[in-house]
Amino acid sequence: MSTLLSFRDVWVEYGDRIIIEKLDLDIAAGSFVSVVGPSGAGKSSFLRLILGQEAPTRGSILLDGVPLKPECGPDRGVVFQRYSVFPHLSALRNTMLGLECAQSPFTARLFGESRRKAEEEATAMLEAVGLGHSLHLYPAQMSGGMQQRLAIAQALVKRPRILLLDEPFGALDPGIRADMHALIRGLWQEYALTIVMVTHDIREAFTLGTRVLALDKRRHDPHAPHRFGATAIYDLPLRNRTEPTPPSITIDAIGNN
Amino acid sequence: MRWVNRQVRRGDRLLLGAAPIVVLALVYLVMAANRHAANPLDKILPLPGSMVESMSVLLFQPDPLSGQLVFWADTLASLQRLGIGLGISTLCTLVVGIALGALPPVRATLGPLVTGIAVIPPIALLPILFIALGLGETAKVALIVIGVAPVMIRDIAAHVASLPREQIIKAQTLGASSWQVIIRVALPQAMPRLIHAIRLALGPAWVFLISAEAIASDVGLGYRIFLVRRYLSMDVIIPYVAWIALLAILMDVALTVLSRRLFPWAHGERH
């Protein structure tokens, strides 16, 4: 499997507070990486680094061998725990937004033939996440689980290189959460996604991931706790299902040749 | 049952709401009748009959000097000033408020200026406006704009700036540029708030309109009230004030209905 995202000696510091220190990682294309760790161990900073919301203080992050721009872009999709969908747009329009932004720089709206095409594509994506019957509902009319499904569809319609999930199922009921696990697992296999998921739920991390990263501080100075940052203290590849079963024995895009 | 749990049915609500208004009207009538019993020429608390009489002159008989129906000319002039003032304020709010809220460099540049203008009491600027812009329509409209726009701008800017950061990030991961974030994420979500801001601005806008008309004007609802004050014409002042209240209520209701119609998603309704 080829490396999609690599961290090279990455440090994140706010003033004299060190959040992440000496992080060296390679994330392979097609992997499902779960990130766990105690609060304040830099999980969110780690996600913000990949998202481009934040630049590393030292070191570099490479996506496909090219240094990552410190700005969010359409190659990295994201689903947050909350507020990932736009309350003023219906499910269909929420999903179409990514397509409209790309094709119509000035009005960010599509008309005629191109609009019909975008609608078709968005509808297909909503059907894939199980929202085919709720195309015209607004987020306020949806349950938490449906909103997260919508957020996933919205991100996937852009075909991102990496999908980032920030505690996506943390606010959901246990039953709904199991459904969502099945959904995200299915989508990961079907669309050959690379997923990085931050979670509090260790069980969830191990059920879904092909690799579990635990972020925490390696050393602790009681007199200056802020002077040591977190790094990957455990990096566990779960070998029993490192890769989705290839759908056929012919050569495919994920590298199972 | 505790009072906090007592819900009032629709019919009862109308009844309860009307009760204090009816009581006030009755109190007024009794007091007016008493005064007229003592002095039939009393002008301070006119009876409804004399109000109808003097208003019908203003409503239906053309003014011998200008040839206009005074009441309608006053209403038209005031509504026009109010409309233009609020229109310009709304436009400024849309452009400046959203830019302030969504773009940090604009906020850093213009934020202090808007705050500074907002804390000046607008009436204190009225002499400057009259000196700079003359006594015509421009100064009156300008007073409304200066009085109302900065507050609206700050409200909308704060609302846009408080949109969840996640939404702005999400839009960017969907490929949106700054402009696209503004027109597809910030603007639509600012619209219901803008209508709300206009509703709240209606009160101050009327205050500034009446003040400007009272000081220098030759037509308008506020002008008429302050003109007839010299003759203690309460029989004109009271109907005029009631008419202003009615106009203000109508505008408020219209804006509420408009907001519910256009932005059902913002009102938590099962649409």
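Across every direction, the projection of the convex hull enclosing the Cα atoms of the protein assembly as shown has a mean area of 37.4 nm². Among the complete DSSP H segments of chain B, which ones combine at least 20 Å of alpha-carbon extent along their axis with a mean Kyte-Doolittle hydropathy of 0.0 or more? Correct list, ordered by number: B:10-38, B:70-92, B:104-119, B:137-161, B:187-215, B:234-262.
Where in the stretch A:36-68 does the amide nitrogen come within less than 14 Å of the point 7 Å from the Cα of residue A:238, taken along Cα to Cβ? Backbone N within reach: A:36.
Computed over the alpha carbons of the stretch A:88-159, Rg followed by Dmax gives 11.5, 33 Å.
Averaged across the residues of B:4-14, what count of C-beta atoms belonging to other chains lies within 10 Å of each residue's C-beta?
Details: counts 0, 0, 0, 0, 0, 0, 0, 0, 0, 0, 0.
What the average comes to for B:4-14 is 0.
Cut-off 10 angstrom, C-alpha nodes, Gaussian network model of chain A. Which of A:180, A:142, A:96 fluctuates the most? Comparing A:180, A:142, A:96 in the GNM, the peak value goes to A:142. Comparing B:14, B:91, B:247 in a Gaussian network model of chain B where C-alpha atoms under 10 Å apart are linked, the largest mean-square fluctuation is found at B:14.
Calculated translational diffusion coefficient of the stretch B:23-140 (37 °C, 0.692 mPa s; Stokes-Einstein with Kirkwood radius over alpha-carbon pairs) equals 170 µm²/s. Within a straight-line Cα-Cα reach of under 23 Å, residue A:22 can be paired with the following lysines, leaving aside sequence neighbours fewer than 8 residues apart in one chain: A:43, A:69, A:217. The stretch B:69-104 to the stretch B:158-202: how many Å between their Cα centroids? Rounded to whole Å, the Cα centres lie 21 Å apart. Modelled label positions at residue B:120 and residue A:39, each set 7 Å beyond Cα in the direction of Cβ, lie 4.8 nm from each other.
Compactness of chain B was expressed as the Cα radius of gyration divided by 2.2 N^0.38 Å, which yields 1.27. For the stretch A:134-220, chymotrypsin sites (Phe, Trp or Tyr not before Pro) are listed when DSSP marks them as loop and at most 16 other Cβ atoms sit within 10 Å of their Cβ; the list is A:191. Principal axis analysis of the Cα atoms in the stretch B:3-45 yields extents of 50, 18, 13 Å, listed in decreasing size. Here the residues A:200, B:196, A:136, A:88, ranked from fewest to most Cβ neighbours within 10 Å of their Cβ, fall in the order A:136, A:200, B:196, A:88.
Hey, could you get me the Stokes-Einstein D for the stretch B:138-271, Kirkwood radius over alpha-carbon pairs, 4 °C and 1.567 mPa s, rounded to whole µm² s⁻¹? D, rounded to a whole number, is 73 µm²/s. Site pair residue B:65 and residue B:43 shows an inter-label distance of 1.7 nm when each label is modelled 7 Å from Cα along Cα→Cβ. Once backbone amide H atoms are built at 1.01 Å from N, residue A:137 has A:91, A:92 as its partners under 5 Å, excluding neighbours fewer than 5 places away on the same chain.
Cα centroid separation, the stretch B:225-271 to the stretch B:31-46: 30 Å.
Stokes-Einstein diffusion for the stretch A:153-231, with the hydrodynamic radius set to the Kirkwood value over Cα pairs and evaluated at 10 °C in a medium of 1.306 mPa s, equals 109 µm²/s. Shielding by partners for peptide A:136-142, expressed as the average number of C-beta atoms from other protein chains within 10 Å of each residue's C-beta, is 3. With the highest mean first, a sort of the peptides B:19-28, B:214-223, A:151-160 on other beta-carbon atoms found within 10 angstrom per residue produces A:151-160, B:214-223, B:19-28.
Using the alpha-carbon positions of chain A, Rg (one decimal) and Dmax (whole number) come out as 19.0, 65 Å.
If R₀ is 41 angstrom, what is the calculated FRET efficiency for the pair residue B:242 and residue B:187, using the beta carbon separation as r and rounding to 0.05? The formula returns an efficiency of 0.60 here. Measuring r between the beta carbons of residue B:260 and residue A:9 and using R0 = 45 Å, the FRET efficiency lands at 0.20.
With r as the distance between the Cβ atoms of residue B:27 and residue B:109 and R0 = 60 Å, compute the FRET efficiency 1/(1 + (r/R0)^6) and round to 0.05. Show your work: numbers first, answer last.
Details: r = 55 Å, r/R0 = 0.92.
Efficiency computed from Cβ-Cβ geometry: 0.60.
What the pair-distance distribution of the stretch A:44-132 shows, using all Cα-Cα distances binned every 10 Å from zero, is 15, 36, 29, 18, 2 percent. Inter-chain Cβ neighbour count for A:49-59, averaged per residue, equals 1 (cutoff 10 Å, partner chain atoms only).
Rounded to the nearest 20, the Cβ-based charge dipole of the stretch A:1-156 about its Cα centre (Lys and Arg +1, Asp and Glu -1) stands at 360 debye.
Each value in this text was obtained by applying a stated rule to the coordinates, not by laboratory testing. Nothing here was measured: the structure is a model prediction, and the numbers come from that model. Don't worry about glycine lacking a Cβ; one is built from the backbone with ideal geometry, like all the others, and counts go over all protein chains shown.
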